């Protein structure tokens, strides 16, 4: 990238930084939890303070692949709203698809009291998140699996969460099919698109509401499997 290209992107970078800071301040009530702060300390240390977007970008750059899915993580303020709206409670087993550095998984486990499985296809994310689990002794609450969401989904979840707003239609369809294999009644939360558009008659829409992400506002869909595969 040339010098002038970097200069032209500076206002956008500042806007994103300001939005990140504002969301972080608003999320303070949801992070003042001793166990979560302990996992955050180790997570940030073991990931060297680098966020999911930069790590995924570097991974795909090293792989020299055109199949690029650089992504971030759900702001905690937004995650807290999703948890309330979707009725995610202590004791629920939650599967996060695209767990990245594991922050959402650790928050749901330590603050809400869920049992959480994080599915992630980038091996480095999984190995470092596993290290956080070992350092914090949270093996009974959180585990991470390296795999492809279009091939199979681990565990027996009550709730499945996918934050992926720019995925190909074929991958979303295969993901929707894998969710159906978990049985009727499983709640599936998606960002930007309802799964009934991909598998008509299989999903019942429970709720839809606007939510704030770093890049803007979109709709979050909460749906239930009504026809198992």
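At a glance:
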| quantity | calculated |
| --- | --- |
| Output for the stretch 194-223, where each listed residue is within 18 Å of residue 164 (Cα to Cα) and out of contact with any helix residue (DSSP H, G or I) (no Cβ under 7 Å at 6 or more places or on another chain) | 194, 196, 197, 208, 210, 215, 216, 217, 218, 219, 221 |
| Filtered residues of the stretch 97-139 (kept if touching a strand residue (DSSP E or B) at 6+ places or on another chain (Cβ under 6 Å) and part of a helix (DSSP H, G or I)) | 104, 105, 108, 109, 123, 126, 129, 130, 133 |
| Test: residue in the stretch 26-42 that is outside any helix (DSSP H, G or I), at pLDDT 90 or above and more than 15 Å from the chain's Cα centre (by Cα) | no |
| Condition check for residue 113: over 26 Å from residue 177 (Cα atoms) and modelled with pLDDT of 95 or more | yes |
| Single condition residue 210 does not satisfy, out of (1) in contact (Cβ under 8 Å) with a residue 12 or more places away in the chain; (2) closer than 26 Å to residue 76 by Cα | (1) |
| Any hit, the stretch 129-144, residues being more than 30 Å from residue 34 (Cβ to Cβ) and surrounded by fewer than 19 Cβ atoms within 10 Å (Cβ to Cβ) | no |
| Elements of type strands (runs of 3 or more DSSP E) in the stretch 149-229, at least 3 residues being under 18 Å from the mean Cα position of the chain (by Cα) and buried (at least 18 other Cβ atoms within 10 Å of the Cβ) | 159-162, 187-191, 216-225 |
| Matching entry among 45, 95 (being over 28 Å from residue 158 (Cβ atoms) and at pLDDT 70 or above) | 45 |
| Given (1) at pLDDT 95 or above; (2) over 17 Å from the mean Cα position of the chain (by Cα); (3) under 28 Å from residue 219 (Cβ atoms), index of the condition residue 134 fails | (3) |
| Residues of the stretch 76-87 classified as at pLDDT 95 or above and farther than 16 Å from residue 163 by Cα, total | 1 |
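The values are calculated or read from the model by the stated rules, or taken from the named source; none is laboratory data. All of these numbers come straight from a predicted model, not from anything done at the bench. Virtual Cβ from ideal backbone geometry, glycine too; neighbours counted across all protein chains shown.
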